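The values are calculated or read from the model by the stated rules, or taken from the named source; none is laboratory data. Model, not experiment: these values are computed from the prediction. Here Cβ is always computed from backbone atoms with ideal geometry, including for glycine, and neighbour counts include all displayed protein chains. Side chains included, ligands, DNA and RNA excluded: accessible areas come from the protein's heavy atoms. Shrake-Rupley method; radii C 1.70, N 1.55, O 1.52, S 1.80 Å.
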Amino acid sequence: MSRLKQFLQDSETKAFDLGHRSTIKFNIGKYNAAVERGLTQYSDHELARERASFIKTNAINNLDKYLMEFEANFTARGGKVIWARNAEEALKEIGQIMKRRRAKSVVKSKSMTTEEIHLNDFLEKNGIETVETDLGEYIVQLAEQRPYHIVTPAMHMSKKDIADLFVRKLKIAPTESAEELVATARRLLRDKYTEAEVGITGGNFLLADIGGVAVTENEGNGRLSTAFPKTHIAIVGIEKMLPSVMDLDLFWPLLSTSGTGQQVTIYNTIFTGPRQPREKDGPEEMYVILLDNGRTDLLALPEKREALNCIRCGACLNVCPVYKNIGGHTYESTYSGPIGSVITPHYNGMAENKHLSFASSLCGACTSVCPVKINIHNLLLLNRRQSVEQGFTEKNERTTFKLWLKAMKSRKLLNMAPAGVKNFVLKQVLKDTWSKRREPLKVAPKSFNQLWKERK
Ligand code: SF4
């Protein structure tokens, strides 16, 4: 089945799944209330968004310079930088590190770039146990699913769903207590941190001036994943660049407020390399894998490169009426929702993914909440245009528009059939699409041309 057909089928199933709808409504309702509270910390949120947009645009426009600066500063403290053009290169390098460290197990903190390169599958195929240590990621790993959302991976599951999953997979006694569920996960994860040879994280920001990787999290699992293992690998998309550590005073609260409604996330760590001579803990070696994987293709398109400004807060997903109805898994991509629909065709191929850019009402809600002011709905339109220009349209769609254009340009053709015949044709043509759940489209009983003639 083509990705488009699968998408349409899954969208339809999910949109009528009332259980899914009520879980999402409940969880996004809590998010909305938290964001409302979080925003009260700003005297001028709009100004903060403007500044963030300016800084990110500068970082992306000068990415070559900042990446080199980052590399020089990070390697000066003993860190190693690996440049990966695509997922294969990143996985090959990670495989070599694993072999050198004779790694049998890995602890991971939440990272969408590792999802993007399908790291867990790769490690498992190589006989390496991979443990997700973020609670939401741990839950979806247990459920053998992909993350549903870029910030809250298990957003689609209710407390009861998670309790049932733990009973089934971890053989615990049935419980309704969220605290007990958290305690179970924590107990099971503790030993994993000390056993693992390698800890893997993503990175929320790359800091050029100090050669740092900033990681934001709420559970402390990121710090534990990097404190015990002898090797730390951070896999970070090259677009995560900020010119200076001083920019974090703006970006940390913006990310937290838009992401979860917090004023600032609980644990914010800056990694600047492996353990230094007089330091007591931390890894013996640290690698940063700078992942391209389609990002420079997007960078090469000046009118669309602002998509690289994204700080992955997830706010655009939470307000999107399409996302809330069809759910995160339906997109079948690492990055879902509005920003996922913008970048996925560039990262994974326009031909297979262009339909995502059409799955939008273009209401602009995404653009209105984006903390870095990305004009998301405009980028969706630009993707649509590119896909049409590149010829990625269905044959019947092309034929329909050809006929439509011909008719619209010819008064004779438009006047040829009475309204009843036109309505019949419209009904037949649109029966599986527009009219499936709507009143059929009908033309007016008399055309403007007829009315004009009668008037005279
Ligand atoms: S596009 Fe904007 S709102 Fe959406 S995830 Fe990125 S930063 Fe957040």
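Number of residues in the range 256-302 that are in contact with a Pro (Cβ under 8 Å, 6 or more places away or on another chain) and closer than 15 Å to VAL236 by Cβ equals 1.
Yes/no matrix, rows are residues, columns are (1) touching a helix residue (DSSP H, G or I) at 6+ places or on another chain (Cβ under 6 Å); (2) within 11 Å of the ligand (Cβ to nearest atom); (3) in a loop (DSSP other than H, G, I, E, B):
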{"site": "VAL322", "(1), (2), (3)": "no, no, no"}
{"site": "THR334", "(1), (2), (3)": "yes, no, yes"}
{"site": "HIS346", "(1), (2), (3)": "yes, no, no"}
{"site": "GLU352", "(1), (2), (3)": "yes, no, no"}
{"site": "ARG385", "(1), (2), (3)": "no, no, no"}
{"site": "THR393", "(1), (2), (3)": "no, no, yes"}
{"site": "PHE401", "(1), (2), (3)": "no, no, no"}
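Flag: GLY237 matches the condition of being within 16 Å of the ligand (Cβ to nearest atom), at pLDDT 95 or above and within 30 Å of LYS104 (Cβ to Cβ). Annotation: of all residues in the range 181-203 being in contact (Cβ under 8 Å) with a residue 24 or more places away in the chain and open to solvent by 40 Å² or more (accessible area, probe 1.4 Å), the one that is nearest to MET157 (Cα to Cα) is VAL182.
For the range 53-69, indicate whether the set of residues that are among the aliphatic types (A, V, I, L, M), part of a helix (DSSP H, G or I) and under 30 Å from LYS125 (Cα atoms) is non-empty. Looking for residues that are among the aliphatic types (A, V, I, L, M), part of a helix (DSSP H, G or I) and under 30 Å from LYS125 (Cα atoms), one finds none in the range 53-69, hence no. Screening SER256, SER225 for residues that are more than 16 Å from the ligand (Cβ to nearest atom), of a type outside the set (Val, Ile, Thr) and touching a residue at least 60 places away in the same chain (Cβ under 8 Å) leaves exactly one candidate, SER225. Take the conditions (1) more than 24 Å from GLU239 (Cα to Cα); (2) in a helix (DSSP H, G or I); (3) in contact with a helix residue (DSSP H, G or I) (Cβ under 8 Å, 6 or more places away or on another chain); SER360 misses just one of them, which is (2). Restricting to the range 370-379, count the residues that are part of a helix (DSSP H, G or I) and surrounded by 19 or more Cβ atoms within 10 Å (Cβ to Cβ). Adding up the residues that qualify gives 3. Going through (1) of a type outside the set (Asp, Glu); (2) more than 16 Å from the ligand (Cβ to nearest atom); (3) under 30 Å from ARG312 (Cβ atoms) one by one, SER341 falls short only on (2).
The criterion of at least 1 residues that are under 29 Å from GLN96 (Cα atoms) is met by the following helices (runs of 4 or more DSSP H) wholly inside the range 125-235: 135-142, 178-195, 221-227. I'd like the residue in the range 242-279 that is in contact with a helix residue (DSSP H, G or I) (Cβ under 9 Å, 6 or more places away or on another chain), open to solvent by less than 20 Å² (accessible area, probe 1.4 Å) and among the hydrophobic types (A, V, I, L, M, F, W, C) and, out of all such residues, is farthest from LYS65 (Cα to Cα). Out of the qualifying residues, it is LEU254. Among the residues of the range 137-147, the one identified as surrounded by fewer than 21 Cβ atoms within 10 Å (Cβ to Cβ) and either within 16 Å of the ligand (Cβ to nearest atom) or free of Cβ contacts under 8 Å to residues at least 12 places away in the same chain (or both) is GLU144.
The residue that is farthest from the ligand (Cβ to nearest atom), among those in the range 278-314 that are in a loop (DSSP other than H, G, I, E, B) and within 24 Å of ALA196 (Cβ to Cβ), is LYS280. Filtering the range 2-43 to residues that are surrounded by 12 or more Cβ atoms within 10 Å (Cβ to Cβ), of a type in the set (A, V, I, L, M) and within 19 Å of GLY327 (Cα to Cα) leaves LEU4, LEU8, ALA15, ILE24, ILE28.
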